[in-house]
1. Restricting attention to segment 17-50, which residues are touching a helix residue (DSSP H, G or I) at 6+ places or on another chain (Cβ under 6 Å) and small (Gly, Ala, Ser)?
2. Of the residues that sit in segment 5-20 and are crowded, with 24+ Cβ neighbours inside 10 Å and not aliphatic (A, V, I, L, M), which one is farthest from Lys68 (Cα to Cα)?
3. With (1) touching a residue at least 60 places away in the same chain (Cβ under 8 Å); (2) surrounded by 17 or more Cβ atoms within 10 Å (Cβ to Cβ); (3) over 21 Å from Met128 (Cα atoms); (4) of a type outside the set (S, T, N, Q) as the list, and Ile28 as the residue in question, which single condition is left unmet?
4. Please go through segment 31-59 and give me each residue that is surrounded by fewer than 16 Cβ atoms within 10 Å (Cβ to Cβ) and over 23 Å from Ala74 (Cβ atoms), ordered by number.
5. Looking at (1) in the same structural domain as Pro10 (by TED's automatic domain parsing); (2) modelled with pLDDT under 90; (3) within 21 Å of Asp24 (Cβ to Cβ), find the lone condition where Pro82 falls short.
6. Restricting attention to segment 1-16, report how many residues are out of contact with any helix residue (DSSP H, G or I) (no Cβ under 8 Å at 6 or more places or on another chain) and not basic (Lys, Arg).
7. Is it fair to say Tyr64 is of a type in the set (Phe, Trp, Tyr), crowded, with 17+ Cβ neighbours inside 10 Å, at pLDDT below 95 and not assigned by TED's automatic domain parsing to the domain that holds Thr125?
Amino acid sequence: MNPIIKVIIPAYNEEKSITKVINDIPTIVDEIIVVNNNSTDKTEQNAAEAGATILKEPRKGYGYACLKGMDYIANQKASHFPDIIVFLDGDYSDYPEQLIQLVAPILNDKIDFVIGSRVKKYRETGAMTPQQIFGNWLATFLMTIFLVQSIQI
């Protein structure tokens, strides 16, 4: 049986890239959900024309947009509930064509959760703010400390 895979794309002013992102998502995906997070451009229109399900989240912020997508999925019929949910950015900072590689460990029943990596050498200049870069460093540093402590206990 093929797993049901849904993609949630929080989007804010991504009119130039959203169609390419949607079109490059592999066909194993059952539904592409674009959460328009108060875009002032044609993000919503372009996403709809590319075939995505459109949700609107008036509260600004990536987290609110992600939660809106999750709420939508949580309220679907059991027969439409996904086996896998993938979060993808609408600005092409992630590579949609790599989705199959990303979910492969789950499909092979090896693990339950996968996080993609944005390796520095592949990151485009300006794709992340200095605050995001520092936040990622801090989060991974703290996770390493807590993991090492939990292993030693």
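The values are calculated or read from the model by the stated rules, or taken from the named source; none is laboratory data. Keep in mind the model is a prediction, meaning the values are calculated, not measured. Positions of Cβ are backbone-derived with ideal geometry, glycine not excepted, and every protein chain shown enters the neighbour counts.
1. Ala47, Ala50
2. Checking each candidate, the answer is Glu14.
3. (2)
4. Thr40, Asp41, Gln45, Glu49
5. Only one criterion is unmet by Pro82, namely (2).
6. 2
7. Judged against the criteria, Tyr64 is not a match.
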